[in-house]
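Since every read-out is calculated from the coordinates, none of them should be taken as a lab result. It should be emphasised that the depicted structure is a prediction, and the values quoted were computed from it without experimental measurement. For neighbour counting, all protein chains shown are included, and Cβ atoms are generated from backbone atoms with ideal geometry for every residue, glycine included.
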């Protein structure tokens, strides 16, 4: 029994892979099995017949490829046109696939959710700015800025300029009438 296992290991019956030379895969030539001259002659004839069929098929294939190229040339089909058609067909197959549709739907929903989130965030920020603007501390700050602006703008007041700095409470309006060419609350200061 060990002799049978050793014999199987030395001469495994393996099938060569597609495109692999059968003779190279077997290894060094072993002595052919004992066969009669008649069997050998039959195998030689079969070998010649198969080789002839392969040669014929190769010639037919070459002729068909030449015919195909001639038909495509007459139709104006170029390799570039074929490539474009293949890409278009592939793209259509991709866009109609379930995975593509699911991904597209998911991304679309994510975009809508992101848009809604940014919109909500913008509204919240606007409300917060409005709350800050209406807060008493901001009103006090705004009043002080307005007072400073009033003090900085030239006025035709008859009162003493020293009195403006020291004694009077700050007001939003200038004390006297303003000339037409001076900046007002509506025009920007330079």
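When the P(r) is computed for the stretch 99-149, the part past 19 Å accounts for 56% of the Cα-Cα pairs.
Put a dot 7 Å past the Cα of residue 123, heading toward its Cβ, do the same for residue 153, and the two dots end up 3.8 nm apart.
Contour minus end-to-end for residue 69 and residue 38, with contour as 0.36 nm per residue of separation and end-to-end as the Cα-Cα distance? Length gained between residue 69 and residue 38: 6.5 nm.
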